[in-house]
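The values are calculated or read from the model by the stated rules, or taken from the named source; none is laboratory data. All values reported here derive from a predicted model rather than from experimental measurement. Heads up, the Cβs are rebuilt from the backbone with ideal geometry, glycines too, and the neighbour counts pull from every protein chain shown. For the accessible areas, the whole protein counts, side chains as well, though only heavy atoms, and no ligand, DNA or RNA atoms are used. Shrake-Rupley method; radii C 1.70, N 1.55, O 1.52, S 1.80 Å.
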Amino acid sequence: MNADIPLHPESPADPTGLAEPLLAGDRRALARAITLIESTRADHRAQADALLARLLPHAGRSVRVGITGVPGVGKSTFIEAFGLHVIDRGHKVAVLAIDPSSQRTGGSILGDKTRMEQLSRDPAAFIRPSPAGSTLGGVARRTREAMLLCEAAGFDVIVVETVGVGQSETAVADMVDLFLLLLLPAGGDELQGLKKGIVELADLVVVNKADGDLVAQARHAVAEYRHALALLRPAVPDWTVPVLSCSALTNQGVDGVWETIVRFRDAQAASGRLDGRRADQARAWMWNEIRESLLAAFTGDAAVRGRLPEAESAVTAGTQTPAMAARDLLARFRGKN
Ligand SMILES: Nc1nc2c(ncn2[C@@H]2O[C@H](COP(=O)(O)OP(=O)(O)OP(=O)(O)O)[C@@H](O)[C@H]2O)c(=O)[nH]1
Ligand SMILES: [Mg+2]
């Protein structure tokens with residue numbers, strides 16, 4: 001069942017002492033373990049890798065749900081209502097966030113901790129803000145690893161949140177079992193400020209704020225999106241993307257969202273597509289790591305760095321083709337490796 005197969009089947013001893021309490025469900029140990037994997041220090045990285053190798057056999061047993069939607073759609077309010085509902089059904093919920101726009105990170109942590117007040121106080125919940133980071137790849141890696149740690153700590157529903165205006169939603173869709181798009185009770189992608197292509201990533205669409213004066217508008221939006229989605233080729237075979245409505249404020253319809261997630265997840269598990277999707281994600285993650293590491297080594301290489309400004313100006317001046325400049329730089333890099 002676990003597609004995230006450890007690369008080192010013989011787990012080395014746990015140098016951090018965090019593995020045992022974390023496996024016992026200690027949230028403080030989990031928080032410290034996540035801090036460790038977020039660290040960029042080389043000695044921390046080695047400890048984090050050892051810890052992950054030790055914990056990987058215990059990861060994977062969760063429902064991984066990605067949630068996106070434009071600012072103000074009600075993601076935090078929805079996750080609070082959804083999380084409490086799911087806890088009520090006997091589950092443990094971890095909420096992680098991906099937000100590479102670091103200037104927003106600080107604010108969104110504090111905002112969410114207060115907006116998800118009841119959830120953050122629940123012992124069956126764990127809320128972790130987005131790690132700071134300059135590259136989306138780096139942020140995504142740490143969020144993936146945090147997800148594995150949460151699973152090892154016994155959290156069996158993982159929610160990964162992102163704002164639906166950048167590139168981060170693809171990164172989230174690439175790490176979850178189900179991707180949920182939260183919409184406002186209004187029509188049109190442009191109207192909602194959604195990036196083109198984001199609707200295509202969704203396994204489930206939910207129109208939020210279907211309450212009060214907005215009920216009729218929400219019904220209209222549901223019909224419109226059902227129609228629009230019927231014209232798209234389904235991303236997952238045998239799955240027509242459902243368009244539901246709910247009110248995160250009154251809780252109405254939140255149970256239906258969870259039921260649909262369970263239905264999707266059960267069908268995917270039964271057909272073997274869940275394992276297939278996770279295996280594909282694990283493979284893609286490995287290649288991302290390779291690309292990022294190679295690029296970091298390349299740009300950090302002294303011989304390359306010394307030559308880069310010259311190469312760039314030759315290319316921009318048109319005196320050398322980009323392909324030739326790249327080959328020359330790569331040859332310098334390889335000469336050292
Ligand atoms: N009427 C109504 N208002 C809602 C509902 N859900 C959220 N809101 C309100 O919408 C506003 C934004 O909600 P948030 O949960 O902060 O939205 P968000 O998507 O997390 O926003 P960002 O964190 O800025 O991306 C708040 O004032 C909420 O009270 C809902 O179901 N019905
Ligand atoms: Mg929010």
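Worth pointing out:
- FRET efficiency estimate (nearest 0.05) - Cβ-Cβ, V215 to S293, R0 56 angstrom: 0.65
- Whole-number Å³ per residue for the convex hull built on Cα positions in the chain: 164
- Calculated P(r) of segment 53-97 - Cα pairs past 13 Å, %: 64
- Counting only GluC sites (Glu not before Pro) that DSSP places in a loop and that have at most 14 other Cβ atoms within 10 Å, the longest clean stretch of the chain runs over 11-189.
- Cα-only Debye scattering, segment 284-333: base-10 log of I(q)/I(0) at q = 0.18, 0.19, 0.20, 0.29 Å⁻¹: -0.60, -0.65, -0.70, -1.01
- Integer Hz, Karplus 6.51/-1.76/1.60 couplings in order for segment 47-55, x for Gly and Pro: 5, 5, 5, 5, 5, 5, 4, 5, 8
- Within the chain, helix-based [θ] at 222 nm, where runs of 4 or more DSSP H residues each add -39,500 (n - 2.57), nearest 500: -17000 deg cm²/dmol
- Share of pairwise Cα separations in segment 188-337, more than 29 Å, in percent: 49
- Normalised by the number of residues in the chain, the mean separation of alpha-carbon contacts (under 8 Å, six or more apart) gives a relative contact order of 18 percent.
- Using alpha-carbon coordinates, inclination of helix 102-115 to the longest axis of the chain, degrees: 30
- Taking Cα atoms only, the orientation of helix 27-38 departs from the longest principal axis of the chain by about 40 degrees.
- Normalised per residue, the accessible area of the chain is 49 Å², obtained with a 1.4 Å probe and no contribution from ligands, DNA or RNA.
- Between helix 322-335 and the chain: long-axis angle, C-alpha atoms, 0 to 90°, nearest 10: 70
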